[in-house]
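Visitor: Below is the structure I would like to discuss, written out as structure tokens.
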Amino acid sequence: MAAGKPVVMVTLVSSDGQSFQLLEEAALLSAMVRDTIQIGQGRGPAGIPIRNITGQTLSMVVVYCNKHYTAAAAADGDDAADEEKKVANKKQLREWDEQFINLEQDKLYDILVAANNLGIDGLVDLCCWRFADMMKGKSASEIRVKLGIRDDFTSEQRAQIEKDSPWVWSRTT
Amino acid sequence: MVMRTTKGSPVSSPTTLHDLPDKLLELILLRLTSPLWLVRAAATCKRWRRVAANPNFLRHIARPPHLVAGHYHYYRHHSKHHPNRLAFVPSPTAAFGANTRRFSLEYLPGGSSPWELIDSHRSLLLLAKARSAHRRRSFPDLVVCEPVTRRFKLIPRMEEMKHQHCLAVFLHDHHYPTTMDARACSSMSTYRVICVVYIECDGVSNGLGAVRACVFDPNRSTRRSTWNQRPHATRWYMVKPSRAMARCGVHLRGTDSVRFLGHAARAWFWSITDDDTMLVLDECTAEFEILRLPECIRGSELRVVVDGDGDQYNGKLCVICLDRGNQLRVFATWRRDHGNGEWVLEKSLRLAAATAGLAGYKEGYFSNGSAAKVVTANTGAVTFTPAEETWMFSVDLKTMEVAHCKSVMSVAYPCELPWLPTLRA
């Protein structure tokens, strides 16, 4: 971590009143926090109120921001020449991401919406990949079961789908 | 915390993917990198289908590189083993398993037997109505079909050309991949059929003739057509020769003086007997041009032309030729805008020496000076047989390794899954 810089903390306050303190630089991963600080707000002791996001979800988002900030700071501090180490660090971070996002669906949903509202592109991307992975290689009805989707097609629509792309119902690898 | 099983029903899970805003749903669907997955996701409920079928969404999807469902093998000759002449072999990576019924062509008018498979392009096949022996080379009645979706379009022959010799008929998609919007179009509306005809010159006794391209374009407005103004006009039209071609005036001595070499670098190629040139038909413009052969190739027999670098288009093509003594040489060259007309010898191989160790090789192959014949060719490999008798071996164009192959005499036409998949909200 860069030494000598003054440590600035910001406070994020969830919709149910829980406060989370984190390094400003970590919080800047969020476009929404960035905008708030840019217009000169949010640095006070009252912190930045985050509407619609509960403490449980926000705590996960804060963990993600801290991890990614630390990883980025460590990468900056390293010698540029050490390519191997950089690749290894990246791989480590990817593995951490995978572990982190291996969640139940309702939590994943909450985090995706929160990341979207806060404007954290990396986390949005991560959640979307996780959801997409849940669907890959499944038939339409298996996807419905997995994600709890109700089939609301009319019988005509179903016949049309069957005609246009007959392979949708069967399973693939 | 609510405990949930993997089979969580909508009741026990208050928040589901279903509640996401469209924008996030799009982001998720964009990450389904196979069209099979996307089509299946779009078949789960109305809302997902609406999002996936939106042309603005479809425009953001990158085309996956290979979606080959399988190959149609067309047997040129009747045999006991292949009474149907046409067989579909699913590719091992496709998801159909043994269920090839989807790919049957029996839904064509009259079933599949009156039709000869002559070309394929992406998800479409081009078939010609079988002609009697003496009309074999006349302008055929055609059908373009998409086996997966069971759609077809009959293309009656171009009446004005019915007495002319037809050298070849090709199918291609002139929109792909130059325009973004075209990617959201249905494959059945963006194809073109190009028929190459040989027209004998009037009043010339020694059999001189010219080649012309006739194009069938289902989207061409008939109003623009200068060829045919009648209300029931078909969408065939003849391409005017380019100015350069008109100037040099390429004439051929009979239909046997050209031999088809293959498709590469967005063009079709023919060799011209006793001439130091190749005839080239550009896929986009449907105009002919003449490619002059360099000194080093003259005198050797041109056999095949294949794409230089696989799917990636950079104008490179490989010309494979055989010298006397059956030395195979692979030359690379680049088309107009991509090179300065240079030819580079990339590989060479003595067929007799290279194949001597293979099973079934007989002393005397490749010895009497007649060049080996090509059975099939694609970007990666070419299959040859010696002129003496049928004994097939393939040459890998990257490694120049040879291998004996037992396959029967059939031409394989790849057939892809339709892309973009048909999605109607």
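Visitor: Give me A:65, A:128 ranked fewest to most by other Cβ atoms within 10 Å of their Cβ, as a rough exposure proxy.
Guide: Exposure proxy ranking, most exposed first: A:128, A:65.
Visitor: Sticking with this structure for a sec: Distance check, please: which entries in B:129/B:240; A:136/A:163; A:85/B:398; A:146/B:46; B:23/B:46 exceed 25 angstrom between their Cα atoms?
Guide: B:129/B:240; A:85/B:398
Visitor: In percent, what relative contact order does segment B:268-425 have, based on Cα pairs under 8 Å that are 6 or more apart in sequence?
Guide: 12 percent
Visitor: Sort largest first and round to whole Å: the equivalent ellipsoid semi-axes of segment A:18-147, each the square root of five times a Cα gyration tensor eigenvalue.
Guide: 28, 24, 11
Visitor: I've got another one for you. Tell me, Kirkwood radius of segment B:366-405 from alpha-carbon pair distances, in Å?
Guide: 10.3 Å
Visitor: Oh, and also: Between residue A:21 and residue A:99, 0.36 nm times their residue separation minus their Cα-Cα distance comes to what?
Guide: 25.7 nm
Visitor: Using amide H atoms built 1.01 Å from N in the peptide plane, name the residues 5+ places from residue B:350, or on other chains, whose amide H lies under 5 Å from its own.
Guide: For residue B:350, whose amide H was placed from the backbone, the distant partners under 5 Å are B:328.
Visitor: Residue B:370 versus residue B:284, label points 7 Å from Cα toward the beta carbon: distance in nm?
Guide: 4.2 nm
Visitor: Using the Cβ atoms and a cut-off under 13 Å, what net charge is assigned to the surroundings of residue B:329, where Lys and Arg are +1 and Asp and Glu are -1?
Guide: +2
Visitor: Roughly how many whole Å is it from the C-alpha centroid of segment B:85-156 to that of segment B:274-307?
Guide: The two parts, judged by their Cα centres, are 30 Å apart.
Visitor: Same structure, new question: Find how many whole Å separate the alpha carbon centroid of segment A:1-64 from the alpha carbon centroid of segment B:332-352.
Guide: 62 Å
Visitor: Report, largest value first, the span of the C-alpha coordinates of segment B:19-58 along each principal axis, in whole Å.
Guide: 23, 18, 17
Visitor: If contacts are Cα pairs under 8 angstrom and at least 6 residues apart, what is the relative contact order of segment A:1-102 in percent?
Guide: The value is 30 percent.
Visitor: So what is the 222 nm mean residue ellipticity for chain A from helices alone, if each DSSP H run of at least 4 adds -39500 (n - 2.57) and you divide by all residues, rounding to the nearest 500 deg cm²/dmol?
Guide: So the helix-based figure for chain A works out to -18500 deg cm²/dmol.
Visitor: Right, here's the next one. Taking a cut-off of 20 Å between Cα atoms, list the aspartates and glutamates near residue B:362, but don't count ones fewer than 8 places away on the same chain.
Guide: Here the aspartates and glutamates satisfying the reach criterion relative to residue B:362 are B:388, B:389, B:401.
Computed from the coordinates by the stated procedures, all read-outs in this text should not be read as laboratory data. Source: prediction; values computed, not measured. We place every Cβ from the backbone using ideal geometry, glycine too, and count neighbours over all the protein chains shown.
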